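Written below as structure tokens is the structure these notes are about.
The values are calculated or read from the model by the stated rules, or taken from the named source; none is laboratory data. Since the structure is predicted, the reported quantities are computational estimates derived from the model, not experimental observations. Here the Cβ positions follow ideal geometry from the backbone for every residue, glycine too, while neighbour counts run over all protein chains shown. Just so you know, the surface numbers come from the protein's heavy atoms only, side chains and all, with ligands and any DNA or RNA stripped out. Shrake-Rupley method; radii C 1.70, N 1.55, O 1.52, S 1.80 Å.
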Amino acid sequence: TRPVMIAGAQMGGIARNESRKQVVARLIALLRDAHARGAELVVFPELTLTTFFPRWWMEDQAEIDSFFETEMPSAATRPLFEAARELKVGFYLGYAELTTEAGATRHYNTAILVGRDGQIVGKYRKVHLPGHADHRPHMPYQHLEKRYFDVPTDGFGVWDFGAGKFGMAICNDRRWPETYRVMALKGAEVVMLGYNTPTHIPWEPIYDHLSAFHNHLVMQAAGYQNAMFVVGVAKAGKEENSYLLGGSCIAAPSGEIIALASTDGDEVILARCDLDLCQYNRKALFNFAEHRQVQHYGVITER
Ligand code: ING
């Protein structure tokens, strides 16, 4: 067996005027709680250093950029890295990244994996950006990820953490089967992801009543179909003028949920994830080499 004690640190709403210092203090409290319960790795939500700012139309780039990090760790986030190193706990952290590539400014919806020594192991930038880029003033709030973030050139990655292979995704990525299959083919045994999911989608309210069902449906199916653990962690509850879905969970390679949040606030969930379970499924019913017929799948990447 290769057990890893994985925690999800669900966050309640972050107010627009809540400082990074205040948010980091909440993150550290959750980290300490998770460590006290035996966690070796803690998964925080998407964009977890600030409120979910894509809900507002902004035109002043300086105001937009005020929600982004230009360095990681920074003075405000270093205490989290230091607490994690002291406790020997690794973590996944979602945040807005402002960087330059070949002289061009880039804005990404980013997540990093930090090792138990406090060093950054890997970085992932959100591939599937939902919502819209235009201003829709008649809606109660916007969802402007297509306006504020760039699509990255690097795609899905997998990194060594402890005895396992860990991949990262972010929010809307979890709704797309390609996300998990690509990482499974790269050897991922765990996919960690954070999310900010409004329970009312103004531009597509048809499934509002199914938001909790769809949230678990996609992660349970992915865990089963790709023989992996999926750790999905919410920024939850009332946040400014929206209400965000909770339901943070850990899904096993069987498709079963083995840890589940029961509040819409700051809450730690935890599960002992035996990574050898992934290998079992990979050698049996989801033996990719034995059962997949790739010659029939080409259209998935051609269109
Ligand atoms: N949030 C939502 C998500 O994918 C969404 C956006 C919700 C799109 C429901 C379509 C339907 O969970 C983010 N941040 O991607």
What is the sum of charges around Met5, taking Lys and Arg as +1, Asp and Glu as -1, for the other residues whose C-beta is under 14 Å from the C-beta of Met5? +2
Contact order normalised by residue count of the chain, Cα under 8 Å, 6+ apart, percent: 22
Rounded to whole Hz and in sequence order, give me ³J(HN,Hα) for the stretch 119-133 from the Karplus expression 6.51 cos²θ - 1.76 cosθ + 1.60, θ = phi - 60°, writing x for Gly and Pro. 9, 5, 8, x, 9, 10, 10, 4, 8, 8, 9, x, x, 8, 10
Paired Rg and Dmax values of the stretch 1-134, which use every Cα atom, in angstrom: 15.4, 53
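What's the FRET efficiency of Glu204 with His135 using the Cβ-Cβ distance as r and R₀ = 22 Å, to the nearest 0.05?
Details: r = 17 Å, r/R0 = 0.78.
Efficiency computed from Cβ-Cβ geometry: 0.80.
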Put Trp159, Trp176, Trp203 in order of accessible area, largest first, probe 1.4 Å, and you get Trp176, Trp203, Trp159
Value in Å of the Kirkwood radius, where the stretch 75-185 supplies the Cα pairs that are averaged: 15.7
In nm, to one decimal, how far is the modelled label at His214 from the one at Arg272, with both set 7 Å along Cα→Cβ? 3.7
List the pairs from Lys126/Lys186; Lys88/Lys235; Lys123/Lys235; Lys123/Lys283 whose alpha-carbon separation is above 22 Å, in the order I gave them. Lys88/Lys235; Lys123/Lys283
Kindly provide the chymotrypsin sites (Phe, Trp or Tyr not before Pro) of the stretch 72-109 that DSSP labels as loop, not H, G, I, E or B, and whose Cβ sees at most 14 other Cβ atoms within 10 Å. none
Nothing charged except the Cβ atoms of Lys and Arg (+1) and of Asp and Glu (-1): what's the magnitude of the dipole of the stretch 3-301 about its Cα centre? Round to the nearest 20 debye. 480
Hey, could you get me the Stokes-Einstein D for the chain, Kirkwood radius over alpha-carbon pairs, 20 °C and 1.002 mPa s, rounded to whole µm² s⁻¹? 110
Which whole-Hz ³J(HN,Hα) couplings does the stretch 230-247 yield from phi under the Karplus relation 6.51 cos²θ - 1.76 cosθ + 1.60, θ = phi - 60°, glycine and proline marked x? 10, 10, x, 10, 8, 8, 10, x, 6, 9, 6, 9, 10, 10, 9, 5, x, x
Return the carbon/sulfur percentage of the accessible area of the chain, one whole number, probe 1.4 Å, all protein chains in place. 54
Accessible surface of Lys283 - all protein chains present, 1.4 Å probe, nearest 10 Å²: 140
For the stretch 7-23, what does the Karplus curve 6.51 cos²θ - 1.76 cosθ + 1.60, with θ = phi - 60°, yield as ³J(HN,Hα) per residue in whole Hz, taken in order and with x for Gly and Pro? 10, x, 10, 5, 10, x, x, 10, 6, 4, 9, 6, 6, 4, 4, 5, 5
What whole-number value in Å² describes the accessible area per residue of the chain for a 1.4 Å probe? 43
Using the Kirkwood radius over C-alpha pairs as Rh, can you work out the diffusion coefficient of the stretch 79-127 via Stokes-Einstein at 25 °C, viscosity 0.890 mPa s, in µm² per second? 210
Share of antiparallel DSSP beta bridges in the chain, in percent to the nearest 5? 65
